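Single-structure report; data block below.
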């Protein structure tokens with residue numbers, strides 16, 4: 001299998017349970033809920049994505065013919081200076097990573113000593129062997145992956161199918177609301193933050209997840 005990767009880079013996880021943790025982000029190209037083209041946004045299932053996942057022209061991106069070659073590229077991003085005993089961590093994201101992430105790639109990451117996390121829209125069942133599964137349901141898309149470590153719901157979404165109460169009985173360890181960031185409209189974004197915080201206060205199963213990487217200027 002040839003893996004199409006938009007970008008690979010070292011950063012701090014800005015969202016959810018692992019906020020602040022050093023991680024190599026490996027962003028696959030492509031998604032099954034939106035083409036990534038602005039002309040298609042209004043007809044897409046997921047209309048609020050703010051990520052460029054088209055092509056393989058980002059930092060560290062490219063087409064990798066083997067799982068080992070891609071795992072080598074990810075491992076090269078981890079600092080050589082790390083002697084702290086911290087576990088190397090790779091986050092497979094997208095687009096939709098489960099269109100490409102498979103057992104051979106997970107095994108190749110593990111061979112380099114990495115914990116392997118995935119951030120998925122949940123429309124595709126996750127392969128075995130992952131160390132962390134974060135599911136972020138989108139609009140009316142069918143939810144196939146109904147268990148994992150973390151459910152992170154962008155909030156609010158207009159569709160009734162994405163009301164938080166729909167997910168509360170699913171088999172996840174952690175439940176997060178992430179306020180919808182409206183690019184170019186800070187007042188609307190602030191309103192979403194307030195609404196998400198209020199929901200978490202009234203429904204303590206949920207925790208607030210803000211995009212801290214944007215606040216501190218990290219990718």
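Is there a residue being over 24 Å from residue 61 (Cβ atoms) and surrounded by 13 or more Cβ atoms within 10 Å (Cβ to Cβ) anywhere in region 115-122? Yes, region 115-122 contains at least one residue that is over 24 Å from residue 61 (Cβ atoms) and surrounded by 13 or more Cβ atoms within 10 Å (Cβ to Cβ).
Among the residues making up region 67-88, a single one is in a loop (DSSP other than H, G, I, E, B) and in contact with a helix residue (DSSP H, G or I) (Cβ under 8 Å, 6 or more places away or on another chain): 88. Screening region 1-27 for residues that are under 12 Å from the mean Cα position of the chain (by Cα) and part of a loop (DSSP other than H, G, I, E, B) and picking the one that is nearest to residue 63 (Cα to Cα) gives 13.
Every condition in (1) touching a helix residue (DSSP H, G or I) at 6+ places or on another chain (Cβ under 8 Å); (2) surrounded by 13 or more Cβ atoms within 10 Å (Cβ to Cβ) holds for residue 125 except the one numbered (2). For residue 129, the conditions (1) closer than 27 Å to residue 48 by Cα; (2) without any contact (Cβ under 8 Å) to a residue 60 or more places away in the chain; (3) not in a helix (DSSP H, G or I) all hold with the exception of (1). Report, ordered by the first and then the second residue, all pairs with beta carbons closer than 8 Å, sequence separation of six or more or different chains, a first member in region 49-74 that is more than 10 Å from residue 8 (Cα to Cα), and a second member that is at pLDDT below 95 and in a loop (DSSP other than H, G, I, E, B). Correct list of pairs: 50/181; 50/183; 67/1. State all residues of region 121-130 that are over 18 Å from residue 68 (Cα atoms) and touching a strand residue (DSSP E or B) at 6+ places or on another chain (Cβ under 6 Å); if no residue qualifies, say none. If the condition is that a residue be over 18 Å from residue 68 (Cα atoms) and touching a strand residue (DSSP E or B) at 6+ places or on another chain (Cβ under 6 Å), then 122, 126 are the ones that fit.
Being without any contact (Cβ under 8 Å) to a residue 40 or more places away in the chain and buried (at least 18 other Cβ atoms within 10 Å of the Cβ), is that true of even one residue in region 194-207? Yes: region 194-207 contains one or more residues that are without any contact (Cβ under 8 Å) to a residue 40 or more places away in the chain and buried (at least 18 other Cβ atoms within 10 Å of the Cβ). Kindly establish whether residue 92 is out of contact with any strand residue (DSSP E or B) (no Cβ under 8 Å at 6 or more places or on another chain), crowded, with 22+ Cβ neighbours inside 10 Å and touching a residue at least 24 places away in the same chain (Cβ under 8 Å). No, not satisfied. The criterion of being modelled with pLDDT of 95 or more and farther than 22 Å from residue 28 by Cβ holds for residue 195.
You will find that of 210, 140, the residue that is under 20 Å from the mean Cα position of the chain (by Cα), more than 21 Å from residue 13 (Cβ to Cβ) and either part of a helix (DSSP H, G or I) or in contact (Cβ under 8 Å) with a residue 40 or more places away in the chain (or both) is 140 and no other.
The values are calculated or read from the model by the stated rules, or taken from the named source; none is laboratory data. Every value quoted in this text rests on a predicted model; they were computed, and no experiment measured them. Reconstructed Cβ throughout: ideal geometry from the backbone, glycine too, with neighbour counts over all protein chains shown.
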